[in-house]
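Below: the structure, in structure tokens.
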Amino acid sequence: MSNVIFGFTFDAQILFKMFKSHKKIIIAIDGYSSSGKSTLAKEIAKLLDYKYIDSGAMYRAVTLFALRNKLIDNINHKVNIEKLQSFINQIHINFKYNSETNNQETYLNNENVEAEIRKMNVSNNVSFISKIGFVRKKMVSFQQEMGKEKGIVMDGRDIGTVVFPEAELKVFMNANAEVRAKRRFQELKENNVDVSYNEILENVKKRDHIDETRDESPLKKANDSIELDNSNMNRQEQLEWIIGLVKKRIN
Ligand code: DC
């Protein structure tokens, strides 16, 4: 007997064994922008019946809030730190599952901002917001709260290093910048976002650099994280790869 998940076929017995009667763990998936973290994270969360949290969406939502309230200059990316700090407790982010799109959607102060936070003006500014210490502190404590009962897959940049240093499974994903930009371009095209490939490639490289070199929780592989370069892997191969790792940890 077999089950089909995201178009892939798995043996039902294996699925059953993974779903039930095993201890719940935390899975941290970190890596470079557009390295396919969220695709893999969503699929493994679905398979295990775990919560999936896209931590990048939270930094994007704060960035949207800052842009709307003119707390960041869209041209030179200068942030009005004092004002943002005074507003920080008015920023409430949560996620709701949309069964129609089969997607977890991001809400900012009760407004669905899922589409808005994926736009280029947010992508171009998010690194400048996500490097601010008090923003990170607030997001991290919210993320830790969501993972208190385990049974969670979270993707981001500092999940294995800062948010859940005790996570049972840590994965660090990478792929070359051109492959990542191509994937992102495809994704945005499918969502009718008008943007060029070169613009995306430039944004991907710029964000890599800022994410890696910032003072606050820079993007880096945790010592006990397992690296995955998926430049030449398809979705099924990646999913099978992570299933192998999960099996060893839930038994
Ligand atoms: O995963 P993403 O590309 O949607 O993330 C958007 C930005 O948020 C990214 O440029 C870096 C930042 N980020 C972060 O600093 N820490 C995280 N845990 C997740 C994302």
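The values are calculated or read from the model by the stated rules, or taken from the named source; none is laboratory data. Since the structure is predicted, the reported quantities are computational estimates derived from the model, not experimental observations. Please note: Cβ atoms are built from the backbone with ideal geometry, for glycine as well, and neighbour counts cover all protein chains shown.
Remarks
- Count of residues meeting criterion [aromatic (Phe, Trp, Tyr) and loosely packed, with under 14 Cβ neighbours inside 10 Å] in region 89-109: 1
- Residue pairs meeting the criteria (Cβ under 8 Å; at least 6 apart or on separate chains; first β-branched (Val, Ile, Thr), in region 34-59; second within 11 Å of the ligand (Cβ to nearest atom)): Ile53/Gln143; Ile53/Met154; Ile53/Asp155
- Selection status of Leu188, of a type outside the set (D, E, K, R) and within 12 Å of the ligand (Cβ to nearest atom): no
- Flag if Ala181 is crowded, with 20+ Cβ neighbours inside 10 Å and in contact (Cβ under 8 Å) with a residue 60 or more places away in the chain: yes
- Segments classed as strands (runs of 3 or more DSSP E), wholly inside region 90-206, with at least 1 members that are closer than 30 Å to Gly244 by Cβ and at pLDDT below 95: 93-98, 103-108, 169-174
- The one condition in (1) surrounded by fewer than 17 Cβ atoms within 10 Å (Cβ to Cβ); (2) within 14 Å of the ligand (Cβ to nearest atom); (3) closer than 30 Å to Asn251 by Cβ that Lys148 fails to fulfil: (2)
- Selection over region 219-239 of residues that are away from the ligand (no atom under 16 Å from the Cβ), in contact (Cβ under 8 Å) with a residue 60 or more places away in the chain and out of contact with any helix residue (DSSP H, G or I) (no Cβ under 7 Å at 6 or more places or on another chain) gives a count of 2.
- Inclusion of Asn74 among residues that are away from the ligand (no atom under 12 Å from the Cβ), part of a loop (DSSP other than H, G, I, E, B) and among the polar types (S, T, N, Q) is warranted.
- Failed condition for Met139, given (1) within 13 Å of the ligand (Cβ to nearest atom); (2) over 15 Å from the mean Cα position of the chain (by Cα): (2)
- Screening Ser86 with (1) surrounded by fewer than 18 Cβ atoms within 10 Å (Cβ to Cβ); (2) modelled with pLDDT of 95 or more; (3) part of a strand (DSSP E or B) gives one miss only, at (3).
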